[in-house]
Each structure stands twice: as C-alpha cells, then as structure tokens.
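The values are calculated or read from the model by the stated rules, or taken from the named source; none is laboratory data. Small disclaimer: the values here were computed from a predicted structure and weren't measured. Cβ placement follows ideal geometry from the backbone for every residue including glycine, while neighbour counts extend to all protein chains displayed. When the accessible area is computed, the model is the full protein with side chains, heavy atoms only, and any ligands, DNA or RNA have been set aside. Shrake-Rupley method; radii C 1.70, N 1.55, O 1.52, S 1.80 Å.
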Amino acid sequence: MPTAIWWVRRDQRLNDNDALRTALETCDAVVPVFILDPALLTASDVSPRRVAFMLGGLAALDADLRTRGSRLVVRRGAPGDELARLVAETGAVAIYAEADPWPYGRRRDAAVAATLPLHLTTGITVWPADTVMKADGTPYTVFTPYSRAWRTLPPPTPAELWSPPDRLPALPDNLLGLSVPVEPAPPGGALFVPGEAEALRRLAAFAGGSDAPIGRYDAERNRMDLDGTSQLSPYLRFGMISARRAAVAARSVIDGPGPGARKGAETWYSELIWREFYIDRKSVV
C-alpha cells in the first residue's frame, strides 16, 4: 500500500488543496505533516502575533483532520532531516507540497528535492508563478500589463474547487509527533480567529448574498469609520483559504445578475491579482 506525505506549509486547509488532493489520488495512505522550522520561527520579521495565528491554524487543521479519522504529525527541526526520518518511518514513496515561491522556500525545497521524492503543486496563488510572463519569457515588472495578461487566462470556476472526502486514511499509532504548541495571542490578537472554518465564514459574509460588502468594497475600503475590507489577508497568507476560492467568489459577483455590486467586486478582484503580481515578483528576486 503506497504511502505519501502531505507536507503542510502555507496551506492550512483541507478544501481546494492541490497537494492533499494529488496525494490522495496517487497513494492509498497519506500522512499530514507540519515541520516547525527554526529558520522561519526565529526570523527577524516573524512577530509573536503571526506565530500565534499560525499555530492556532495548525490546531484547527489537526481538529479537522481528526474528524475525518486522520491527524496532523508535528515535528521540529530542519525540514530535510525531519522529512528523511518520516520517509524512513512510514515508507513513503512521495512527498507532496504546495510550491513556495519565496526565495527561502525555493532554496529549502530544492535542497529537499535533491535527496527526497518531493513533488510540488500549485495553490498559494491561482496560477503558478511562471504562468504570466511577457512574450519573450521574462517576468512583468509593472502591474498594469501584468494584470491585462493575467485576465486573458480563463478565470477559475466553482467546479475547480476540490472537496476532501469525509474520511481520510488513519495513521499508525506508533507514528509519533509533537502536540501543536500553544502560543497565547498578544493583546488585540483575538480579532482574527484562526482556521479554515473561520476563513470560509468570512469569505461567505464578505462576498455572499445580494447585499454583500464586496459590492461596496470600492467605496468603503479606505474609510476608517467602516468595516469595508474582506479581513481575509491573514487567512490567505497561511492558506486557510485558497486564492482560487477567493477569485471564484469575486467572479461570481462580477458575472452575476447584480450590476450594482460589480464595481466593488472588480476592485477586490484586482487586489487579488495584485497579490499574485507581488508573489510572482518575490519568486524571481
């Protein structure tokens, strides 16, 4: 019975997760793994609030996995070393993870792939980082032409949003891991409840219904006296909701019957494309 490792990084969700989907399609058993990487946890730009939010998301993911008969295996250490140990312990024939376009992530993944069967999928962005390029194959450096090129690609549809099965393969009892660390959120950190369920709720509240706030986004996003933004940024950052799902929600309003909401939805859709542009630029630094 072939086993795969699902290496969780910035994809703390079950729904619309290409790495998990591919692992389930290719192997009978799947081991969800998160590695607490000291190189990231101690980086100078990592705030306690961000760490607390990430760990809360991992706890929520572990709970979601347990309702489906699985669990999250947490290890601490250098990713290459910990993955090698897990491959030896589980007999895994493949490791699946969403491609990380940031410079550290690309260096880390290249090092892991040099010795282990690492397979990368899309997921952090709607399109892989090298999809939207100039005619000569070089990356765009200006947003407006990038946006025009991005919009020529077929928009994502609801049919593309994969749903996980109700039951996932159980893990062996002797496969050990750490408990998800508990890091109290700093004062004011409770504004964002971590986890996929909260991310889905926020997206539905922002972009669902005939009078959804997304329709007023263009007019209200810069008003300090109104709650005019989606409040989804940290959820997108840690992959508690997919960029593809966010784009589908925006397109459903843009292409829907309510013309009054289209301007706001178009503005938010443009912000999602700007996020893609920013991440693409990071990938070529």
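Where Rh is the Kirkwood radius over the Cα pairs of the range 90-209, the temperature 4 °C and the viscosity 1.567 mPa s, what D in µm²/s does Stokes-Einstein return? Show your work: numbers first, answer last.
Values: Rh = 19.2 Å.
So the translational diffusion coefficient is about 67 µm²/s.
For the range 106-197, trypsin sites (Lys or Arg not before Pro) meeting the loop criterion (DSSP other than H, G, I, E, B) and having at most 12 other Cβ atoms within 10 Å: 134, 167.
Rounded to whole Å and ordered largest first, report the semi-axes of the equivalent ellipsoid of the range 1-66 derived from its Cα gyration tensor (root of 5λ).
26, 13, 10
Calculated [222 nm] ellipticity per residue, helices only, for the chain: -12500 deg cm²/dmol; basis is -39500 (n - 2.57) per DSSP H run with n ≥ 4, divided by all residues, nearest 500.
Residues considered: 155, 234, 79. Largest GNM mean-square fluctuation over the chain, using C-alpha springs under 10 Å, is found at 155.
Full extension from residue 152 to residue 113: what is 0.36 nm times the residue separation minus their Cα-Cα distance, to one decimal in nm?
10.7 nm
In the context of the full set of protein chains, residues of the chain present 48 Å² of accessible surface per residue (probe radius 1.4 Å, heavy atoms only). For the chain, the fraction of 1.4 Å probe accessible surface lying on carbon and sulfur atoms is 57 percent.
Starting from the Cα gyration tensor of the chain, take the square roots of the eigenvalues, sort them a ≥ b ≥ c, and report rounded, prolate or oblate (rounded when a/c is under 1.5, otherwise prolate if a/b is larger than b/c, else oblate). Taking the square roots of the gyration eigenvalues as a ≥ b ≥ c, the chain is prolate.
Every Cα-Cα pair of the range 30-163 was included, and the share exceeding 22 Å stands at 53 percent.
For the range 102-154, the Kirkwood radius over C-alpha pairs fed into Stokes-Einstein at 10 °C and 1.306 mPa s yields D = 121 µm² per second. Candidate membrane-span-like segments in the chain, meaning DSSP H helices with Cα atoms spread over at least 27 Å of their own axis and a Kyte-Doolittle mean of 1.0 or above, do not occur, with no membrane implied either way.
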